[in-house]
Every structure is written in C-alpha cells, then in structure tokens.
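Have a look at the structure below, then the notes.
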Amino acid sequence: MTTELKIDIARVGAVSALLTMPAKPRACYVFAHGAGADMRHAFMDEVAAGLAKRGIATLRYNFPYMEKKQGRPDTPMIAHAAVRAAVEEAARLCAGLPLFAGGKSFGGRMTSQAQSKAPLPGVRGLAFLGFPLHADNKPSIERAAHLSGIEIPMLFLQGTRDRLADLHYLEPVIKELGPKVRLHEVAGGDHSFLVLRKSGRSNEEAMEEVLDTLAAWINELV
C-alpha cells in the first residue's frame, strides 16, 4: 500500500517521499509535514492510513531541511519549490486522479503560499491540518495575508485549543475569504487535535472526526 520514492527538486536535490495508495483511490492528497517532524511522524502515518481507508491516496514528502536533518526550516523559496515538485510527482504517479494539497502546520502554510504565488497545476483544493496563523500564543493575522490571492476551495481543520490559531482571529479571516473557504473546529483539540481527558472523548475519536471531515470535503469536490 505504501511505496518509498525520491522526488527531485530543481537546483536543490532529491528528497524522500511516501505514496500510500488504496485499492480504488478517488483522489490524491499531497501532504506536507510540520516544521518539527518529518513525513514519517506518527501523525503523518495516521492521516495517510486513515485517508487510505476512506479511498484517498496520499503523497507525503520531506522538505529539504528535514531530509538533510537540519534544524532550521527552509526558506520559503525552497519550500515552495518542494511543494511544486511534489505536486508534479503526484500528478505523474496518480494520473487521472483529482489532486488536493496542503499539510500539517508549516507544510500547509508553505503549500498555501506556493498556491498564492502561482496556481499548483491540477490542484482542486487546499486542506490544512492545523494552519499556523501566528506564533505560539501570540495572536495576529499577518500570516493570513496571502490567502486572499487563492481562488480554489480551502478547508481549515482547527482544534479549539490550538495555541497557533486563536479562533477569534481565524474565524473573521475565513469569513472574509468567502463561501469557497470552510472552517471545521475540532472541539477541545490542540494543534495536533489531541484532546484533554476531561473532554469525554479520546484522541482517536478526535482524529476520526478530522479524517471524516477531510474525506467528505474531498469527495464533495470530486
């Protein structure tokens, strides 16, 4: 079900990637990792496996800094090049399947920035699993400025306890972006959709909500 690959990024080099393909895929989600963990992190594994059960393929990949095991994330120019290379590879590997892109935190933001500069070929929508609207517990909306330049549908999956996306700031931003942009709030979830024990439900149940919502949104657009 999962195949290890290499993706060449022009003038940068090759990075590792993982293609998870269900038996009868309906779409492919190009899925970028967060700033502090690579494509093999448990969160990435769980999302890829969960989407595969729902008939959606995923192409995960490392950003160059993570491939080289460097601590500091790539410059936006390099990160955007990685996003484009991954989308191009997904189009080749999943020929004929509708493409979607996005990712966890930093990966989602780099994908949206790339899309705002020039549309990612063939991508029908962007989905963010914890969009990092601002630094930890420092609410602002500067990181959202580029989103107004994106014309395809977007889905924001956000925990209500996410310290990197105060909903009092994010909700007006999304409303301003118009009807093609959707926000789904995961009650009690943090930046990785982990919930407190007193919430009355498990982390697994919260993640099932995230995966069901993402898969339903993709299916709707397909």
| query | Quick one: in region 199-222, which of the residues that are touching a Leu at 6+ places or on another chain (Cβ under 8 Å) and closer than 19 Å to LEU183 by Cα is surrounded by the fewest Cβ atoms within 10 Å (Cβ to Cβ)? | reply | THR213
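Residues are listed down the side, and each one gets a yes or a no for (1) of a type in the set (Asp, Glu); (2) over 21 Å from MET154 (Cβ atoms); (3) in contact with a Ser or Thr (Cβ under 9 Å, 6 or more places away or on another chain):
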site: PHE31; (1), (2), (3): no, no, yes
site: ALA52; (1), (2), (3): no, yes, yes
site: ARG92; (1), (2), (3): no, yes, no
site: GLY96; (1), (2), (3): no, yes, no
| query | How many residues are within 17 Å of ILE218 (Cα to Cα) and β-branched (Val, Ile, Thr) when one looks only at region 126-178? | reply | 1
| request: Could you please find all residues in region 64-121 being closer than 27 Å to ALA23 by Cβ and of a type in the set (Lys, Arg)? | output: ARG92, LYS104
| said: Quick check on my filter: what residues within region 10-68 are of a type in the set (Lys, Arg) and within 27 Å of GLY189 (Cα to Cα)? | reply: ARG40, LYS53, ARG54, ARG60
| query | Can you tell me which residues in region 29-55 are among the aliphatic types (A, V, I, L, M) and closer than 25 Å to ALA118 by Cα? | reply | VAL30, ALA32, ALA35, MET39
| request: Kindly indicate the residue of region 159-198 that is open to solvent by 60 Å² or more (accessible area, probe 1.4 Å) and assigned to a helix (DSSP H, G or I) and also nearest to ALA35 (Cα to Cα) among those meeting that condition. | output: TYR169
| task | Name every residue in region 117-131 that is part of a strand (DSSP E or B), aliphatic (A, V, I, L, M) and either open to solvent by less than 10 Å² (accessible area, probe 1.4 Å) or over 25 Å from HIS191 (Cβ atoms) (or both), in order of residue number. | result | LEU126, ALA127, LEU129
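The values are calculated or read from the model by the stated rules, or taken from the named source; none is laboratory data. Predicted model, so just to flag it, every value in this text is computed and none were measured. All Cβ positions, glycine included, derive from the backbone under ideal geometry; neighbour counts span all protein chains shown. In case anyone asks, the SASA skips ligands and DNA or RNA and just uses the protein heavy atoms, side chains included. Shrake-Rupley method; radii C 1.70, N 1.55, O 1.52, S 1.80 Å.
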